Amino acid sequence: MFRGLWAILRKEIIHIKRDPATRFVLAIPLIELLLFGYAIDTDVKNVPTVVFDLNRDAESRRLIQEFVNTRYFKLLGEVHSDQELQSAIISGRAKVGIKIPPDYTANLVNGRRAQVQVIIDGSESTTALQVLNSSQQLGFLKSLAIQGIAPEQLSIDVRPRLLFNPNLQSANFFVPGLIGIILQLVTVFLTAFAIVRERERGTLEQLLVTPVSKGGLILGKLLPYTVIGFGQTVLVLLLMVFLFGVPIQGSVTLLLVLSLLFLIPALGIGIVISTFAQNQGQAMQMSLMSMLPSFLLSGFVFPRESMPLLIYLISFLIPATYYLEILRGIILRGAGIAALWDEAVVLAAFGLFFMLLSALRFKKHLG
Amino acid sequence: MSVVIKAEGLSKRFGALTAVDSVSFEIDAGEIFGFLGPNGSGKSTVIRMLCGLLQPNAGRAELAGLDVVTQTEEIKKLIGYMSQRFSLYEDLTVEENIDFYGAIYGLAKTDMAARRRTVVELAGLEGRMEQAAATLSGGYKQRLALACSLLHEPKIVFLDEPTAGIDPVARREIWDLLFRLAAEGTTLFVTTHYMDEAERCSRVGYIYLAKLLAIGRPQDLKGLPEITPDGSHWFEVSSDDATRLLPELRRHPSVIDATIFGEAVHALARRGTDAAALEGYFRQQGDVSVQCRAVPPSLEDVFVTLTRQQRDDAKGR
């Protein structure tokens with residue numbers, strides 16, 4: 001059943017040690033972690049802002065200062081016409097333009113409604129929404145102050161409380177999901193390449209005339225990459241806790257066990273790809289294609305709840321969707337196995353499916 | 001002599017293309033069987049079917065009495081295979097490659113040490129054990145490939161163009177090695193494009209456009225009636241001006257066919273033509289250096305003639 005397993009295993013380890021391409025794949029998780037952890041920050045702060053102040057007195061300057069004080073706005077400078085304001089936004093230099101009309105102070109003093117125009121670049125919806133909220137809130141609080149009403153005097157006191165990620169840091173959202181993406185990326189790419197490389201170089205043909213068994217060949221190829229994928233998961237978890245300060249609320253053991261469970265369908269996808277791809281170029285394209293839905297539809301970047309129905313249904317067919325639920329559940333919400341049972345069962349089913357498919361597809365002869 | 005390789009009506013199609021068309025032959029133990037034919041004629045496909053790498057669409061084949069389709073796994077223990085391209089691991093050293101195949105064939109540690117010594121000595125790989133396979137020369141790559149395919153003492157070894165693209169000295173050395181193996185009773189199935197190699201085989205088969213056109217000992221093939229039909233003769237014609245010779249000969253009324261053979265031209269001429277008459281014809285034309293003598297057909301003449309006849313038949317139909 002597993003004839004030749006040890007021989008393949010030992011050989012594979014030598015390949016990994018000597019192949020520069022493998023080392024490059026091993027570096028991908030670290031690069032991605034730093035990219036998603038640091039560079040991609042959806043927390044909106046310091047949005048570049050220009051001011052067109054027609055009022056020009058102490059009152060309007062105080063208003064501008066109050067905008068800046070919210071920390072959402074970063075003052076780039078003043079503009080002196082509507083056209084200049086427009087072009088600052090069109091060119092992308094500024095995302096917000098605040099226009100204070102000449103009668104701002106006069107209206108305030110005379111107890112009339114004073115107007116302030118906030119022009120927002122809506123092309124980045126997250127930023128636009130954040131800016132919209134904070135400018136409206138600023139107007140609301142300032143109005144209350146002018147009316148002489150303290151916020152405590154309002155009839156209804158809405159008190160939102162954010163569980164699990166109190167500071168709403170995007171790292172807490174991205175990094176746990178990233179573990180799933182990295183694990184899948186590394187295992188799918190490495191297993192697909194490990195088999196396709198042999199096909200491309202003709203060494204598979206040589207292997208197939210030996211008495212090596214199908215089980216020994218596949219398992220000997222899979223085990224090293226399972227270990228690597230698992231090692232990378234642990235590494236990324238450590239970086240997440242100690243570098244990004246995202247604590248693991250739930251059981252680390254459960255997290256690792258379920259990660260192993262996720263490895264099975266991921267490795268299976270790798271083998272299935274290798275049975276279709278004739279060369280490494282094709283394997284690369286197919287692996288990327290297989291990553292795309294996991295990347296976009298699993299809830300890694302975009303919340304699944306806001307997807308159109310069809311796409312939402314498709315997202316159920318992606319193993320990463322369930323693993324991401326597990327990751328965020330355990331890491332952020334401290335969920336236990338009772339809450340994640342469904343996801344675990346689905347992952348196991350996916351594992352079975354892809355392993356069966358790869359066993360069917362992988363033939364011990366050519367063409 | 002016992003038959004170890006037996007093919008009956010073996011056929012393989014790839015989509016609309018028939019790669020091997022009803023090929024039958026028998027090969028005895030200890031033979032060096034030379035398998036010849038132009039590129040794409042189906043040589044490698046036959047080998048791959050015999051090794052269990054491809055499944056035939058029709059016909060059957062047996063190796064040592066085992067069916068190549070149903071008893072593939074048993075057959076794999078009996079055969080060695082050296083494919084057309086170097087198909088060992090280039091990033092592994094010579095020693096690592098040998099040890100890997102030893103382990104794949106499940107050789108016990110004690111057997112392995114002895115077998116490794118034997119094949120390393122046989123293939124002349126001493127002193128290169130630590131070298132990465134990628135850095136070996138073409139000839140040494142072939143020796144390593146051969147060493148790996150011999151580790152488990154196979155009864156039958158398939159060699160697909162073992163000497164393609166390597167220098168004459170390395171070629172000679174590979175053949176010395178093959179003769180040693182054959183002398184020990186191993187059956188060798190070798191494909192080649194070199195006529196001198198074909199001459200060394202105990203028997204040769206010639207495949208063209210998926211069909212096996214001839215099979216037999218080299219000298220028997222040269223005596224085949226279709227090679228020298230109706231009392232025609234083969235002549236070797238040489239001249240200082242060999243480039244003019246070929247078109248002139250082809251124009252000559254009694255010459256059926258002519259092909260370049262080394263520095264001379266081999267011509268097949270009709271019954272009744274003799275060397276002196278041919279020579280005289282050229283002397284008359286003003287070429288005094290021309291020399292003409294009757295020769296037996298070479299293997300190349302045999303294959304070229306068979307190919308031409310097959311092509312003419314295909315056109316005639």
| Hey, fewest Cβ within 10 Å first, where do A:298, B:22 land in order? | B:22, A:298
| message | Testing the spin-label approximation: label points 7 Å from Cα along Cα→Cβ at residue B:137 and residue B:308. State their distance in nm. | response | 3.9 nm
| query | Size of the dipole of the stretch A:79-211 about the Cα centre, Lys and Arg at +1 and Asp and Glu at -1 on the beta carbon, nothing else charged, in debye to 20? | reply | 220 debye
| query | What angle do you read, to the nearest 10 degrees and between 0 and 90, between the alpha-carbon axis of helix A:214-242 and the longest principal axis of chain A? | reply | 30 degrees
| task | With r as the distance between the Cβ atoms of residue A:17 and residue A:284 and R0 = 25 Å, compute the FRET efficiency 1/(1 + (r/R0)^6) and round to 0.05. | result | 0.70
| note | The alpha-carbon center of the stretch B:70-93 and that of the stretch A:296-367 are separated, in whole Å, by 39 Å
| request: Pop out the ³J(HN,Hα) list for the stretch A:5-15 in order, Karplus 6.51 cos²θ - 1.76 cosθ + 1.60 with θ = phi - 60°, rounded to Hz; leave Gly and Pro as x. | output: 4, 5, 4, 4, 4, 4, 4, 4, 5, 4, 4
| task | Compute the distance in nm between two label points, each set 7 Å from the Cα along the Cα-to-Cβ direction, one at residue B:226 and one at residue B:29. | result | 3.3 nm
| Between rounded, prolate and oblate, where does the stretch B:129-195 land on the alpha carbon gyration tensor, with a ≥ b ≥ c its root eigenvalues, rounded for a/c under 1.5, else prolate if a/b exceeds b/c? | oblate
| field | Within the protein assembly as shown, percent of DSSP bridges classed antiparallel, to nearest 5 | value | 60 percent
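Once R0 is set to 41 Å, what does the formula 1/(1 + (r/R0)^6) return for the Cβ-Cβ distance between residue A:345 and residue B:108, expressed as a FRET efficiency to the nearest 0.05?
FRET efficiency, residue A:345 to residue B:108: 0.40.
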| Using a Förster distance of 25 Å, the FRET efficiency for residue B:219-residue B:60 (Cβ separation, nearest 0.05) | 0.20
| task | Give me the percent of DSSP beta bridges within chain A that run antiparallel, rounded to the nearest 5. | result | 30 percent
| Ordered by residue, what ³J(HN,Hα) values in Hz, to whole numbers, does the stretch B:168-181 give under the Karplus form 6.51 cos²θ - 1.76 cosθ + 1.60, where θ = phi - 60° and Gly and Pro are x? | x, 5, 4, 4, 4, 5, 4, 5, 4, 5, 5, 5, 4, 4
| task | Amide H neighbours of residue B:13 under 5 Å, at least 5 residues apart or on other chains, H built in the peptide plane: list them. | result | B:19, B:57
| message | Which residue, B:79, B:4, B:14, has the largest displacement toward the positive end of the dipole of the stretch B:1-117 when charges sit on each Cβ (Lys, Arg +1; Asp, Glu -1)? | response | B:14
| task | Starting from the amide H of residue B:214, placed 1.01 Å from N in the peptide plane, find each other amide H under 5 Å away whose residue is 5 or more places distant or on another chain. | result | B:206
| From the Cα gyration tensor of the stretch A:83-215, with a ≥ b ≥ c the square roots of its eigenvalues, which class applies: rounded if a/c is under 1.5, or else prolate if a/b is larger than b/c, or else oblate? | oblate
| task | Of the options B:166, B:127, B:114, report the single residue whose Cα projects farthest towards the positive end of the charge dipole of the stretch B:99-199 (beta-carbon charges: Lys, Arg +1; Asp, Glu -1). | result | B:114
| request: Whole Å is fine, so just give me how far the alpha carbon centre of the stretch A:125-189 lies from that of the stretch B:40-62. | output: 68 Å
| message | So if I place +1 on the C-beta of Lys and Arg and -1 on the C-beta of Asp and Glu, and nothing else carries charge, what would the dipole magnitude of the protein assembly as shown be about its Cα centre? I want it in debye, nearest 20. | response | 1400 debye
| query | Out of A:194, A:219, A:153, whose Cα points farthest toward the positive end of the dipole of the protein assembly as shown (charges: +1 Lys, Arg; -1 Asp, Glu; placed on Cβ)? | reply | A:153
| request: Taking the Cα centre of the stretch B:65-178 as origin, sum charge times position over the Cβ atoms of Lys and Arg (+1) and Asp and Glu (-1), and report the length of that vector in debye to the nearest 20. | output: 160 debye
| request: Provide the net charge surrounding residue A:295, with neighbours chosen by a C-beta distance below 15 Å and charges set as Lys +1, Arg +1, Asp -1, Glu -1. | output: 0
| What is the stretch B:1-78 by shape, rounded, prolate or oblate, if you read a ≥ b ≥ c off the alpha carbon gyration tensor as root eigenvalues and call it rounded for a/c under 1.5, prolate for a/b larger than b/c, and oblate otherwise? | oblate
| note | Amide H contacts under 5 Å for residue B:81, restricted to residues at least 5 apart in sequence or on another chain and with H modeled in the peptide plane, are B:158
| message | What is the sum of charges, Lys and Arg at +1 and Asp and Glu at -1, for the other residues whose Cβ falls under 15 Å from the Cβ of residue B:289? | response | -4
| message | Please rank B:24, B:41, fewest neighbouring Cβ atoms within 10 Å first, as an exposure proxy. | response | B:24, B:41
| Gained length - residue A:252 relative to residue A:71, 0.36 nm times residue gap less alpha-carbon distance | 61.5 nm
| said: Defining a contact as two alpha carbons under 8 Å apart and six or more residues distant in sequence, what relative contact order in percent does chain A show? | reply: 21 percent
| task | Neighbouring Cβ atoms within 10 Å as the yardstick, rank A:228, A:13, B:5 fewest first. | result | A:13, A:228, B:5
| note | From the Cα centre of the stretch A:34-111 to that of the stretch A:229-292, the distance in Å is 44 Å
| request: Calculate one ³J(HN,Hα) per residue across the stretch A:109-121 by plugging θ = phi - 60° into the Karplus curve 6.51 cos²θ - 1.76 cosθ + 1.60, and present them in order as whole Hz with x for glycine and proline. | output: 5, 8, x, 9, 5, 8, 10, 10, 9, 10, 9, 10, 6
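Each reported figure results from applying straightforward, stated rules to the coordinates on display, with no laboratory input. What you are looking at is a predicted structure, and each value in this text was computed from that prediction instead of being measured. Cβ coordinates were reconstructed from backbone atoms using ideal geometry, including for glycine residues, and neighbour counts include every protein chain displayed.
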